[in-house]
Amino acid sequence: MPASVSTKLTTIYELQTILDGFCHALIARDFTLPEAEVWIKAGGAFSGNISYRANDEYQQKFHYDYDLQELLETMSNYIHGLPSPQQVLKENFLQSLSDLIAKGKDIGLEINYINPLLETMKHLSENILSAPKD
């Protein structure tokens, strides 16, 4: 979380600096075309949006709060909690491999073909779980 999120905002320029920091944080984590926006509505409600591309897929997350500081902290936590695009690719690959193995079992592939795939999947899963996050 940018250090400035924890301080009370006094100007629109400080808010712009925080939103720019959110975009820089996304870029540093290999996301592309990041955008961070905050809307101030009558009645004291705030809305925020974070959008970006990860592995050529558009992603967007809306946030809502009556407290601007809480909204910004929620947005910051969301950004820093995202798995990296590389991690998502690895997880998607493992899911595809798992689906392929299940499909092979469903169509009656012999165990001699399935067991090597299961072993490979087990090793890949262990490696991904123990690998440092990007």
Separation of the residue 39 and residue 64 label points, Cα + 7 Å toward Cβ, nm
1.0
Counting just the Cα atoms, what span does the stretch 3-82 cover along each of its three principal axes? Round to the nearest Å and put the largest first.
38, 23, 20
Filtered trypsin sites (Lys or Arg not before Pro), the stretch 1-101: DSSP coil and at most 15 other beta carbons within 10 Å
8, 41
Sequence of 50, 12 once ranked by neighbouring C-beta atoms within 10 Å, starting from the fewest
12, 50
Identify the chymotrypsin sites (Phe, Trp or Tyr not before Pro) of the stretch 20-117 meeting these criteria: DSSP loop state and at most 14 other C-beta atoms within 10 Å of the C-beta.
66
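Every number in this text was worked out from the coordinates using simple rules, so none of it is lab data. These numbers were taken from a predicted model, which means no experiment stands behind them. When we count neighbours, we look across all protein chains shown, and the Cβ atoms used for this are built from the backbone with ideal geometry, even at glycine.
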